[in-house]
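Colleague: Before I ask anything, here is the structure I am working with.
The values are calculated or read from the model by the stated rules, or taken from the named source; none is laboratory data. What you see is a predicted model; the values in this text were computed from it and never measured. For neighbour counting, all protein chains shown are included, and Cβ atoms are generated from backbone atoms with ideal geometry for every residue, glycine included.
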Amino acid sequence: MPHLPFAVHVIDRFNRNAYTREVEQHFRIRHDIYVVHRQWLDLARPDGREVDPFDTDDAIYLLGLEQGRGVVAGSRLIPTEKSNLFKNLFPHLAANGVPVGHEILEWTRFFVVPDLRGVQKSSLAAGIMLCAIQEFCLTRLKTALIVVCEDFWFDRLSALGWQPRRLGAPGRDGAAVIVGLQIRIDPEALECTREYYGIAGSCLWSGRPSERI
Ligand code: COA
């Protein structure tokens, strides 16, 4: 992938053994980002790893891996038939129940390491992750994501063609206004996101895990 700074690896229960080091690195980066920087102190752990009850074998991690550095970006996807953050902790954000279905995944823990983020505009690194999420979901025949997020994501995702739909009234999480969204997975959303970030072609790693370094 010569035109992009990193590729996104899909890590699930079937190949996780090949990515032990990167999965651990990502738990530590999550702790730095969410606990230290964002001050989500409920997630603090003395071992410096941000791991919650939804980091089970059912979790699918999309990790951006830069050569020689390792994890630089990530996201977590959870089958909605399983316990997930939205269903277990924020069900009040969905007026008619939190959507469940084989074709729907829950999306959490979207991050980019600070030095790759944009100034006054969304970064290429974030764009790579967003394209990878759409691509991955399309290949797995998923049709939607659900997510609990800050309300400003509604406009950001709309601008990318992801057609977010609010599932209920907004709520508060500390100072933040949060909302439960359902988001469309479709080829047009992928195309629109590629165009927005100037990305041509796939963002997903297509080699074997052992070929990554
Ligand atoms: N339109 C206008 N401005 C935009 C924009 C848009 N669509 N998207 C981002 N921006 C601006 C932001 O306001 C910000 O401006 P600033 O430099 O004046 O502060 C700047 O671009 C960078 O914003 P950011 O949200 O960091 O952009 P990003 O898309 O590159 O990264 C995340 C998004 C979520 C990956 C990144 O912010 C991150 O890792 N955050 C920590 C983890 C987190 O909180 N994740 C979300 C909850 S799980």
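Colleague: Regarding the range 108-116, can at least one residue be identified that is away from the ligand (no atom under 15 Å from the Cβ), of a type in the set (Ser, Thr, Tyr) and either within 14 Å of the chain's Cα centre (by Cα) or not in a strand (DSSP E or B) (or both)? Step through it out loud before you land on a result.
Modeller: Of the residues in the range 108-116, the ones away from the ligand (no atom under 15 Å from the Cβ) are none.
There is no residue in the range 108-116 that is away from the ligand (no atom under 15 Å from the Cβ), of a type in the set (Ser, Thr, Tyr) and either within 14 Å of the chain's Cα centre (by Cα) or not in a strand (DSSP E or B) (or both).
Colleague: Hey, among the residues in the range 48-73 that are loosely packed, with under 14 Cβ neighbours inside 10 Å and among the small types (Gly, Ala, Ser), which one's modelled with the lowest pLDDT?
Modeller: Gly68
Colleague: Could you list, in sequence order, the residues of the range 91-107 that are more than 11 Å from the ligand (Cβ to nearest atom) and either surrounded by 20 or more Cβ atoms within 10 Å (Cβ to Cβ) or over 20 Å from Pro53 (Cα atoms) (or both)? Can you show your working first?
Modeller: Initially, the range 91-107 is screened for residues more than 11 Å from the ligand (Cβ to nearest atom), giving 91-106.
Within the range 91-107, Leu93, Ala94, Ala95, Asn96, Gly97, Val98, Gly101, His102, Glu103, Ile104, Leu105, Glu106 qualify.
Colleague: Right, here's the next one. Check whether at least one residue in the range 122-139 is charged (D, E, K, R) and without any contact (Cβ under 8 Å) to a residue 24 or more places away in the chain, and report yes or no. Before you say what the answer is, go through the steps one by one.
Modeller: Here is the first cut: in the range 122-139, the residues charged (D, E, K, R) are 135.
From what is left, the residues that are without any contact (Cβ under 8 Å) to a residue 24 or more places away in the chain are none.
Taking every residue of the range 122-139 in turn, none turns out to be charged (D, E, K, R) and without any contact (Cβ under 8 Å) to a residue 24 or more places away in the chain.
Colleague: Here's another thing I want to ask about it. Just need a number here: residues in the range 143-201 that are in contact with a Pro (Cβ under 7 Å, 6 or more places away or on another chain) and either of a type in the set (Val, Ile, Thr) or within 29 Å of His3 (Cβ to Cβ) (or both).
Modeller: Of the residues in the range 143-201, 7 are in contact with a Pro (Cβ under 7 Å, 6 or more places away or on another chain) and either of a type in the set (Val, Ile, Thr) or within 29 Å of His3 (Cβ to Cβ) (or both).
Colleague: Go through Arg28, Arg76, Arg38, Arg45 for me and flag whichever is surrounded by 22 or more Cβ atoms within 10 Å (Cβ to Cβ) and either polar (S, T, N, Q) or free of Cβ contacts under 8 Å to residues at least 40 places away in the same chain (or both).
Modeller: On the way: Arg28 fails: surrounded by 22 or more Cβ atoms within 10 Å (Cβ to Cβ); Arg38 fails: surrounded by 22 or more Cβ atoms within 10 Å (Cβ to Cβ); Arg45 fails: surrounded by 22 or more Cβ atoms within 10 Å (Cβ to Cβ).
After ruling out the rest, the residue left standing is Arg76.
A quick yes/no check of all residues on (1) outside any helix (DSSP H, G or I); (2) of a type outside the set (Phe, Trp, Tyr); (3) closer than 23 Å to Val147 by Cβ; (4) in contact with a Cys (Cβ under 8 Å, 6 or more places away or on another chain):
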residue	(1), (2), (3), (4)
Glu24	no, yes, no, no
Ile29	no, yes, yes, no
Tyr34	no, no, yes, no
Ser75	yes, yes, yes, no
Ile78	yes, yes, yes, no
Ser83	yes, yes, yes, no
Asn88	no, yes, yes, no
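Colleague: Condition first: more than 7 Å from the ligand (Cβ to nearest atom) and over 14 Å from His9 (Cβ atoms). Now tell me which residues in the range 117-130 satisfy that.
Modeller: Leu124, Gly127, Leu130
Colleague: If you go through the range 143-159 one residue at a time, do you hit one that is within 8 Å of the ligand (Cβ to nearest atom), in contact (Cβ under 8 Å) with a residue 40 or more places away in the chain, among the small types (Gly, Ala, Ser) and surrounded by fewer than 17 Cβ atoms within 10 Å (Cβ to Cβ)?
Modeller: no
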